[in-house]
1. Please list, ordered by residue number, the strands (runs of 3 or more DSSP E) wholly in the range 70-174 having 1 or more residues that are modelled with pLDDT under 90 and of a type in the set (Phe, Trp, Tyr).
2. Report whether or not GLU108 is touching a residue at least 24 places away in the same chain (Cβ under 8 Å), of a type in the set (Asp, Glu) and within 13 Å of ALA168 (Cβ to Cβ).
Amino acid sequence: MGQEETPIETDEKDPKRYVYSPAKKKTSPKPALPESGEGDGTTGGAGHDEGEGGAGTDGKGAGEGEGSGGSGSQTGGKPANLERVRNRISESNKRVVYFTPSETGLIELSLSATGVFGGDQLQIVRTDSSAAKVLENGNVQISVSKGDRTSFEVQTVRNYDGPVEIAAKLWVEQ
């Protein structure tokens, strides 16, 4: 005679009663950007085995090390504080740079193409300012006065239309 069917247990949800929820997004951590390199350097490494040579050698060393420096930047001098820094693309390999210096003196500017994994220097080959000088390292050196808005166009070796980081160092007489 009529037998009842036994319901089968399953992990599936009843489509008539299913409540939709937003999909969970997996986020992958972004790699950390490199440090700016400003600040004190770390001390140097000590020798190995009391100054004895490493494995397979019989060289001798002092067994001591000293570190120095660590100011590490792409330009010389001390960091220069620039306010209201802006730039815009004027042509495929040209940008107009705008800033207001907080100090008077000779500064060196470098441009870096910023991205997810750090920045690559944008080598500058020409500028439209007679007050600016293009250096051999691809940076620009210009004399500025505190509070005076400064702008000039630079031409880079390659075309780049992404974000740019502008670093500045104030040259200090020693």
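1. Once the strands (runs of 3 or more DSSP E) in the range 70-174 are filtered for at least 1 residues that are modelled with pLDDT under 90 and of a type in the set (Phe, Trp, Tyr), what remains is 164-171.
2. Taking the combined requirement at face value, the residue satisfies it.
Residue by residue, here is whether (1) of a type in the set (Phe, Trp, Tyr); (2) without any contact (Cβ under 8 Å) to a residue 12 or more places away in the chain; (3) surrounded by 15 or more Cβ atoms within 10 Å (Cβ to Cβ) holds:
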| site | (1), (2), (3) |
| --- | --- |
| ASP128 | no, no, no |
| GLU136 | no, yes, no |
| ILE142 | no, no, yes |
| ASP148 | no, no, no |
| SER151 | no, no, no |
| VAL154 | no, no, yes |
| TYR160 | yes, no, yes |
| VAL164 | no, no, yes |
| ALA167 | no, no, yes |
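The values are calculated or read from the model by the stated rules, or taken from the named source; none is laboratory data. Since the structure is predicted, the reported quantities are computational estimates derived from the model, not experimental observations. Positions of Cβ are backbone-derived with ideal geometry, glycine not excepted, and every protein chain shown enters the neighbour counts.
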